[in-house]
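Beneath this line is the structure, given in structure tokens, with notes to follow.
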Amino acid sequence: MSTLLPARTGNAALAARDLRHVWHPCTQMQDHESIPMVPIVRGEGAWLIDADGRRYLDGISSWWTNLFGHANPRLAAALADQAQRLEHVIFAGFTHAPAIELAEALVRITPPGLERVFFADNGSAAIEVALKMSFHYWLNQGHGEKTRFIALTGSYHGETLGALSVSDVALYRKTYAPLLLTPILAPSPDAYEGEPGESPAQLAARRLGELRALLERHAHETCAVIVEPLVQCAGGMRMYHPDYLAGLRRLCDEFDVHFIADEIAVGFGRTGTLFACESARVRPDFMCLSKGLTGGFLPLSAVLTTEAVYAAFYAEYNAGKAFLHSHSYTGNPLACRVALETLAIFRDEPVLERNRVLAAHLAQRLAPLRDHPHVGDVRQTGMIAAVELVADKRTRRPWPAGERRGLRVYLHGLEHAALLRPLGNVVYFMPPYVVDTAQIDHLVDVATAGIERAVA
Ligand SMILES: *Cc1c(COP(=O)(O)O)cnc(C)c1O
């Protein structure tokens, strides 16, 4: 049987075949009795094109992965070239130029002091690596009593059991809670939760006080504090002041716990700087990268850490101090090569400058929504913008989740050439960096009309 479906096969036929065997992520499959399954056959810049020839502007960068457009010619060429040289090799005892060069490049562009790079193959795996490495560091230092992690309320770090353990999004966590480690939850500096009249910076200071109190009680048993710098993405694109990151760095130093920065979603220019930690000029002890790392082409992740952490594992073999974690596709050459080409695009093109112009345009187009009677908040950090839908504007009472208001925006988008995929009541924009202002206008126009339908 051919693996390339014949061109005449349209949406309906492909969707029917899909639904006979494929089990999709993050999906109640019965929904597809009424919600269309969309077979995509081609991508081009910010556009996705389905099997009936309909186009969708990718307003969410295909789950926050894509930076420079679908089927980007430069990335595709690098991938094709690498595929003809070396597709994969065991990464224990063996190495290759794409991994070496990528590690060198990542050390160069991340905050000074991150010197060691451990590769894995997806975001959740990077979180598992950081959690285990932090625990194991303390163990190797004679502190086996440190076994716990502090995470923020509303955080999301992935859905494997360790990553889910330090996540606090009920939708993903609640069902599996009996299987998970119990984190210590610190209240998020999420600016949406500030008191009336309290600035994001004031809230960050208050939250740091609460974190200090938790550390006073728990630092002796805590390996690390893990956060998503600046934007808690899956938790509803909740945003906070960079002062929190600076204060977190000071507290982690004072209380001898690690700082894990999960930049899986916010890294690579999303928040306006290349990495979100730069906004507070902090160096975490671990930085987790994935998603945009390959421009959206291939699964790959990296955990960067300090020489001090590395040194705690470096010992004579029988000391038994080596870090133990491996995935078959660790350091895959195809993925590393595409990541290198992604970094080359950042080097060759004024990506961050262009994003500033696009972000300003997006902000200007979204501003009128602040006055909408069912919008509780419009917020933005660089190339991430979000509109919080509420049932009651004055009290900010949310729509009950069961009403699935955001889903109506999604369906409206599909009918009007836009891929928007609200997180519950939060309609957000996280487009690839190759969008132009006219495409941003299209996304905002479709979202605005979709919001009208959703709140009707
Ligand atoms: C997506 C995401 C992850 C998990 O990455 P996967 O590749 O989906 O496993 C972890 N942390 C953050 C902040 C994310 O947005």
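The values are calculated or read from the model by the stated rules, or taken from the named source; none is laboratory data. Since we're looking at a predicted model, the values are computed, not measured. Using ideal geometry, Cβ is built from the backbone for each residue, glycine included, and neighbour counts are taken over all protein chains shown.
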Which one of these is out of contact with any Pro (no Cβ under 7 Å at 6 or more places or on another chain), more than 16 Å from Cys288 (Cβ to Cβ), within 16 Å of the ligand (Cβ to nearest atom) and of a type outside the set (A, V, I, L, M): Ser167, Ser188, Ser199, Ser155?
-> Ser188
List, please: which pairs have Cβ atoms under 8 Å, are six or more places apart or on different chains, and start with a residue in region 266-294 that is within 12 Å of Thr342 (Cβ to Cβ) and end with one that is of a type in the set (Lys, Arg)?
-> Gly267/Lys291; Phe268/Lys291; Gly292/Arg270
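Is it the case that Gly382 is closer than 30 Å to Ser134 by Cβ, without any contact (Cβ under 8 Å) to a residue 60 or more places away in the chain and not aromatic (Phe, Trp, Tyr)? If you could, list the steps in order and put the result at the bottom.
Values: closer than 30 Å to Ser134 by Cβ: yes; without any contact (Cβ under 8 Å) to a residue 60 or more places away in the chain: no; not aromatic (Phe, Trp, Tyr): yes.
Against the criterion (closer than 30 Å to Ser134 by Cβ, without any contact (Cβ under 8 Å) to a residue 60 or more places away in the chain and not aromatic (Phe, Trp, Tyr)), Gly382 does not qualify.
Criterion first (more than 26 Å from Glu278 (Cα to Cα) and within 16 Å of the ligand (Cβ to nearest atom)) does Glu128 satisfy it? Write out each step before concluding.
Details: more than 26 Å from Glu278 (Cα to Cα): no; within 16 Å of the ligand (Cβ to nearest atom): yes.
In short, no.
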From (1) away from the ligand (no atom under 12 Å from the Cβ); (2) crowded, with 24+ Cβ neighbours inside 10 Å; (3) in a helix (DSSP H, G or I), pick out the condition that doesn't hold for Phe119.
-> (3)
Mind telling me which of the residues Gly292, Gly235 ends up being assigned to a loop (DSSP other than H, G, I, E, B) and either in the same structural domain as Gly142 (by TED's automatic domain parsing) or away from the ligand (no atom under 11 Å from the Cβ) (or both)?
-> Gly235
Name every residue in region 407-418 that is surrounded by 23 or more Cβ atoms within 10 Å (Cβ to Cβ) and in contact (Cβ under 8 Å) with a residue 60 or more places away in the chain, in order of residue number.
-> Gly413, Ala418
Name the one entry in Phe268, Phe297, Phe313, Phe323 that is in contact with a Lys or Arg (Cβ under 8 Å, 6 or more places away or on another chain) and farther than 30 Å from His143 by Cα.
-> Phe268
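Matching residues to (1) farther than 25 Å from Ala186 by Cα; (2) within 16 Å of the ligand (Cβ to nearest atom):
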{"residue": "Thr273", "(1), (2)": "yes, no"}
{"residue": "Val282", "(1), (2)": "no, no"}
{"residue": "Cys288", "(1), (2)": "no, yes"}
{"residue": "Glu307", "(1), (2)": "yes, no"}
{"residue": "Tyr310", "(1), (2)": "yes, no"}
{"residue": "His325", "(1), (2)": "yes, yes"}
Find the strands (runs of 3 or more DSSP E) located wholly in region 295-393 whose residues include 2 or more that are of a type outside the set (S, T, N, Q), in the same structural domain as Ile451 (by TED's automatic domain parsing) and surrounded by 15 or more Cβ atoms within 10 Å (Cβ to Cβ), and list them.
-> 375-381, 384-389
